[in-house]
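Below is one structure, written out as structure tokens; the observations come after it.
Read the figures in this text as sums done on the coordinates, not as results from a lab. As the structure is a computational prediction, the values presented were derived from the model and not from experiment. Note: ideal-geometry Cβ built from the backbone for every residue, glycine included; neighbour counts use all protein chains shown.
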Amino acid sequence: MAISNKDSDIIAPTGTEGELTFGVRGLHCASCVNTLEKKLLEHPAVNTAIVNLAAETGFVSFDPHQLDNANIFSIVQAAGYTPVELNGAGTAQDDDLRTQLNWFIFSLLASLPIMLTMGMHSNRAVMQLNLLLATAVQFSAGLIFYRGAWSSLKNRSANMDVLVALGTSAAYFYSLAAYFGLLGPHREVFFETSAMLIAFIRLGKYLEARARGKAGEALKKLLHLQADKARLVTAEGEKEVPASVIRVGDVVLVRAGDIIPVDGVVLEGSCAVNESMVTGESLPVLKKPGDTVSGATVSTNGVMRIRATRIGEETLLAQIVKMVREAQGDKAPIQRFADAVSAWFVPIVILLSAFTFMIWHFALASDFLTAFRFAIAVLVIACPCAMGLATPTAIMVGSGIALGRGILIKKGSALETISHLKVILLDKTGTLTRGAPEMTDLIPISGCVDSTKLLECLATAEAYSTHPLAQAAIAAAREKGIGPGDADNFEERGGLGITCQYNGFKLAVGNERLMGELGIALEPLTKQCAGLTATGKSLVYIAAGNILVGVAAFADTLKDGSVQAVAELRRMGITTCMITGDHADVAAIVAQQVGVNSFEAEVMPDRKLGVVKEYQGRGMIVGMVGDGINDAPALAQAEIGIAIGGGTDVAKETGDIVLMRSDLLDVVRAITIGRATLAKIKQNLFWALFYNILGIPVAAGLLSRYGITLKPEYAGLAMAFSSVSVVLNSLLLKRVEKIL
């Protein structure tokens, strides 16, 4: 959908101009969603309009030169709905929950006396009380259905409110006419039907709002992570200020236990930071000067001074919240089915209700009241609310589970698409491998030098080189507590290596060509070097004077979990293919080590794109996992682009899913969550349709010969609980967390 091209980068965010996400009050069913989307899309400046029933939000992308936020809110209001700016509360759901509960309590308290006295129709005083109570319920708690119905009909559509307004009005006004004797003497009144119908539907809306709140817990948890206060460092000292007043370039002090208020760079001090908000990992990460930190993460010890680099809507947390909202508002392809059904469902129900009345009253010669009640029951039980909630609630829960594991779903539709993957393309460097060389072997020549002294010589020669292998050698020495010695006469010979004077002898560190130029024999290590080269490792020889004293081997090693992840992907029936710009011999070794089905080596970015298209040309749903700028075209072309969190900003902006932990096993977890989410959506749609298929005949009285009938008020209760059951079924998705 159009949203994918406008998602913000989670590290280098773009502006939100031309996009608006807002809360919407007054949404009741899938027909409401269709109506509001249609009205928004009628404006020529609106490119995309997506309304989410479960989250009660709307997303609009538009031309800011023709339209602004106020204009969009006016369109929403004209359609009969109430737009709400999203703030710290996240959505309109919190206020709606309280309102729904209050209206349910009121309508229940007013309806109970009517229910308890419904057999006392001969008592005039009781009937007067029932009339007053039913009128109060009808035009207070029930007024929202009239408003919704009017707005819907004004927009030339029909929604749940139309059905409820018709059903309750028919019962109330018939009873009102009967009470005043307009329908003849001794006509039965049933004020309890309209009053209890409204009370039960209000109960269903409350339970539904409560359950939907649980489905959106992941987003609420994010919103509650933000720091309220910050310690601003000024020339006069430090002072506590609201976090909102911090500006880019300000320096803030963070102590143990503080929530880091902004994204920034550590200037002084160090401490362990809990970054579970970003990565899903609970183990703290050590931060030192020069390292970046994210707002809303928590300092667990130590003291740091941090310079703010991003604030407000530009922080990592704000960008994640924005993308989670957009993902939960995005429509999965399967939802088009529910939208199509709901578009014609309400008019058909009205016809079925009329048909039910005519059959009972004219064909079966039943009394007017019996036929009337069956018709009302059909109207009420068939509301398509459950179908409207089937997809978005499952996506809300699924994306929340993923977020808890450090998997950021940028498009809700990605959860459905990823479940259909047939082939997945894996970039090698930085995706399957760590992306930087590491020293894997250090072999001293026996009798010449021990491994400690050899590593010291290697670190000494490489101390001033910026070559990746030199940096890897220095890192390996540092890990063992070995520092470089004092040397002089350094000479870096491009493409060969380094020579220097150390402890009175000439030290040479480099490749085979350097050793050849210096006349140093390599025979003492020929056998070992052949074995190392066969596994794709790069060799650095170390010589003292004219004698070879050892060799170090370097390789871009596989990430922990890469082999297991590939094995799991193949077990899931997904074809795996590694694509890399590296040499064919190295690629072949890595492909064999990791266990992919196939590989392509020495490919340029356009070839990566071509590989994606070739698989798509065979009718396969393709996923691409990458971390670099050269992966961006393939990430965009693939049905599912999965970006590694430690990769480039461009890759993360292009991908549909971002793995914040850079763990390839999270690809397996994302597919597992996607498959579970799609299965839950199908279950929800099945039960929503099955419920209507089963419920309408019962409400129409087809089973009355067996003594099975459904009063209108109980039809309303059944309709309400069908929506609740769909939401609760979606919440069962949380059980998938146990197997991740």
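Just the Cα atoms of segment 223-315: what Rg and Dmax do they give in Å?
Both quantities, over Cα of segment 223-315: 11.9, 39 Å.
In a solvent-free Debye calculation with one equal scatterer on each Cα, what is log10 I(q)/I(0) for segment 99-171 at q = 0.22 Å⁻¹, listed in the order of the q values?
-0.96
As an exercise, take the mean of 1/r over every pair of distinct alpha carbons in segment 651-740, invert it, and state the Kirkwood radius in angstroms.
Details: mean 1/r = 0.0614 Å⁻¹.
Result for segment 651-740, one decimal place: 16.3 Å.
Which of L379, L153, A530 sits closest to the plus end of the dipole of the chain, meaning its Cα is farthest towards the positive end, when Lys and Arg get +1 and Asp and Glu get -1 on the C-beta?
L379
Too long at a 28 Å Cα-Cα cut-off: which of K214/K410; K422/K680; K288/K738? Let's see the in-between values first.
Details: K214/K410 20 Å; K422/K680 21 Å; K288/K738 35 Å.
Pairs exceeding 28 Å: K288/K738.
Tilt of helix 143-154 relative to the longest C-alpha principal axis of the chain, in degrees (0 to 90, nearest 10)?
Helix 143-154 sits at roughly 80 degrees to that axis.
Can you give me the distance in nm between label points at E737 and L694, each placed 7 Å from the Cα along the Cα-to-Cβ direction?
Between E737 and L694, the simple spin-label model gives 3.0 nm.
Excluding residues fewer than 8 places away in the same chain, name every one of the aspartates and glutamates whose C-alpha is closer than 16 Å to that of K229.
E238, E240, D250, D258, D263
With only Lys, Arg, Asp and Glu charged, each at its Cβ (+1 for the first two, -1 for the last two), find how big the charge dipole of segment 438-555 is about the Cα centre; round to the nearest 20 debye. Could you put the intermediate results ahead of the total?
Numbers: 8 positive and 13 negative charges, 40 e Å.
Magnitude of the dipole: close to 200 debye.
For each pair in K39/K154; K331/K613; K39/K331; K537/K559; K506/K527; K428/K537, compute the distance between the two Cα atoms and list the pairs where it is over 20 Å. Can you show the working numbers first?
Numbers: K39/K154 12 Å; K331/K613 25 Å; K39/K331 18 Å; K537/K559 16 Å; K506/K527 26 Å; K428/K537 15 Å.
Table pairs above 20 Å Cα-Cα are K331/K613; K506/K527.
State the answer as a single residue: which of M196, P605, G213 lies farthest towards the positive end of the charge dipole of the chain, with beta carbon charges of +1 for Lys and Arg and -1 for Asp and Glu, about the Cα centre.
Positive-end residue among those listed: M196.
I need the semi-axes of the equivalent ellipsoid of segment 596-638: take the C-alpha gyration tensor, multiply each eigenvalue by 5, square-root it, list largest first in whole angstrom. Walk me through the numbers before you get to the answer.
Values: eigenvalues 48, 31, 19 Å².
Working from the Cα gyration tensor, I get semi-axes of 16, 12, 10 Å.
Quick one, what does Rg over Rh come out to for segment 93-222 if you take C-alpha atoms and the Kirkwood Rh? Can you show the working numbers first?
On the way: Rg = 17.1 Å, Rh = 15.9 Å.
On the Cα set of segment 93-222, Rg over Rh gives 1.08.
Stokes-Einstein D for segment 438-555 at 25 °C, 0.890 mPa s, Kirkwood Rh over Cα pairs, in µm²/s?
On the way: Rh = 13.9 Å.
Reported coefficient: 177 µm²/s.
How are the alpha carbon pair distances in segment 24-80 distributed across 10 Å bins from zero to the largest one, expressed in percent?
Here the calculated profile for segment 24-80 is 24, 60, 15, 0.
Would you please give the residues with an amide H less than 5 Å from that of L86, counting only those at least 5 places away or on a separate chain, with H modeled from the backbone geometry?
Under 5 Å from the amide H of L86 lie the amide H atoms of G23, each far enough along the sequence or on another chain.
Provide the percentage of antiparallel DSSP beta bridges, counting only those with both residues in the chain; round to the nearest 5.
DSSP beta bridges in the chain are roughly 80 percent antiparallel.
Grab the DSSP H runs of the chain that are 4 residues or longer, score each as -39,500 (n - 2.57), total them, divide by all residues and round the 222 nm result to the nearest 500 deg cm²/dmol.
On the way: 25 runs with 346 residues, N = 740.
Helix-only estimate at 222 nm: -15000 deg cm²/dmol.
Provide the gained length on full extension for the span T234 to R147, in nm with one decimal, where the gain is 0.36 nm per separating residue minus the Cα-Cα distance. Intermediate results must be reported in sequence, preceding the final value.
On the way: separation 87, 0.36 × 87 = 31.32 nm, distance 5.57 nm.
Here the segment from T234 to R147 would lengthen by 25.8 nm.
Can you work out the FRET efficiency for the pair T452 and D488, with r the C-beta to C-beta distance and R0 = 30 Å, to the nearest 0.05?
Details: r = 22 Å, r/R0 = 0.75.
With a Förster radius of 30 Å, E is 0.85.
How much space per residue, in cubic angstrom, does the convex hull of the C-alpha atoms of the chain take up?
Working: hull volume 148.0 nm³, N = 740.
Convex hull volume per residue, Cα atoms: 200 Å³.
Where the centroid of each part is defined by its Cα atoms, how far is segment 680-740 from segment 430-466 in Å?
67 Å
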